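K.L.:
There's a structure below that I have some questions on.
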Amino acid sequence: MSLKVVKDRIIRFSKERNVKLEVEYFLAHEDQLLDLIELLKSDPNYPYPEYGSWLLCHLVKADNELVSKYKSELIQLLHSSENNSLLRNLMNVLNTLPFNESENSVLLDRCLSFIQESSYKVALQVYSIYYLVNYIKVYPELKGELLQMIEMHYNNRSSAYRVAVRKFKVKVDKIS
């Protein structure tokens with residue numbers, strides 16, 4: 001029953017785009033956040049992945065600790081989907097959550113694949129670049145290798161990608 005409620009809320013959100021209303025709803029019904037994540041896993045049809053994950057971006061801003069409880073589910077979803085909008089929004093959410101090196105080690109390869117594959121949208125690549133800063137904070141010895149890999153794709157990418165690379169360099173130069 002609650003999955004149907006979540007589906008109805010996402011349909012409404014896709015039409016009305018009332019962020020405040022939906023964020024307030026899920027904050028008041030925290031138990032339905034897992035249903036939202038289950039919906040993202042189980043229904044690849046528009047508008048659920050696109051709007052459900054966009055709603056997560058707003059929920060994490062409103063209550064980082066609440067969304068953080070479901071981080072492992074979000075990481076699993078990041079590995080099981082190929083929906084660019086969903087992936088972009090998940091990377092946005094993960095960039096907001098606390099970094100845990102043991103939990104996030106599985107994300108390194110996924111982030112690199114997003115950057116290396118030109119079929120992924122630039123926003124997903126940018127969020128992946130920003131996420132890599134976390135690894136360099138923990139493993140500064142990766143700085144050169146990650147920077148080299150990111151720069152390999154520099155000339156073939158959009159200006160947004162190039163700006164992300166410049167910001168990445170500024171952030172990692174402050175690390176070691």
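K.L.:
From Ser68, Ser42, Ser14, grab the single residue that is under 18 Å from Tyr127 (Cα atoms) and either of a type in the set (S, T, N, Q) or in contact with a His (Cβ under 8 Å, 6 or more places away or on another chain) (or both).
P.N.:
The conditions single out Ser68.
K.L.:
Of the residues Ser128, Ser85, Ser119, Ser176, only one is out of contact with any helix residue (DSSP H, G or I) (no Cβ under 6 Å at 6 or more places or on another chain) and either assigned to a helix (DSSP H, G or I) or at pLDDT below 95 (or both); which?
P.N.:
Selected residue: Ser119, the only one of Ser128, Ser85, Ser119, Ser176 that is out of contact with any helix residue (DSSP H, G or I) (no Cβ under 6 Å at 6 or more places or on another chain) and either assigned to a helix (DSSP H, G or I) or at pLDDT below 95 (or both).
K.L.:
Quick one: which of Tyr127, Tyr51 is buried (at least 21 other Cβ atoms within 10 Å of the Cβ) and in the same structural domain as Val165 (by TED's automatic domain parsing)?
P.N.:
Tyr127 is the lone residue from the list that is buried (at least 21 other Cβ atoms within 10 Å of the Cβ) and in the same structural domain as Val165 (by TED's automatic domain parsing).
K.L.:
Against the definition (loosely packed, with under 14 Cβ neighbours inside 10 Å, out of contact with any Gly (no Cβ under 7 Å at 6 or more places or on another chain), small (Gly, Ala, Ser) and not assigned by TED's automatic domain parsing to the domain that holds Val165), how does Ser118 come out, yes or no? Steps first, please.
P.N.:
Details: loosely packed, with under 14 Cβ neighbours inside 10 Å: yes; out of contact with any Gly (no Cβ under 7 Å at 6 or more places or on another chain): yes; small (Gly, Ala, Ser): yes; not assigned by TED's automatic domain parsing to the domain that holds Val165: no.
Taking the combined requirement at face value, the residue does not satisfy it.
K.L.:
Considering region 27-71 alone, what residues qualify as being closer than 13 Å to Ile10 by Cβ and among the charged types (D, E, K, R)?
P.N.:
Answer for region 27-71, where residues must be closer than 13 Å to Ile10 by Cβ and among the charged types (D, E, K, R): Asp35, Glu38, Asp43, Glu50.
K.L.:
Tyr154 is checked against (1) within 30 Å of Leu36 (Cα to Cα); (2) among the hydroxyl-bearing types (Ser, Thr, Tyr); (3) not assigned by TED's automatic domain parsing to the domain that holds Asn64 and fails just one. What number does that condition carry?
P.N.:
If we test Tyr154 against (1) within 30 Å of Leu36 (Cα to Cα); (2) among the hydroxyl-bearing types (Ser, Thr, Tyr); (3) not assigned by TED's automatic domain parsing to the domain that holds Asn64, just (1) comes out false.
The values are calculated or read from the model by the stated rules, or taken from the named source; none is laboratory data. This structure is a prediction, so every number in the text was calculated from the model and none was measured. Here Cβ is always computed from backbone atoms with ideal geometry, including for glycine, and neighbour counts include all displayed protein chains.
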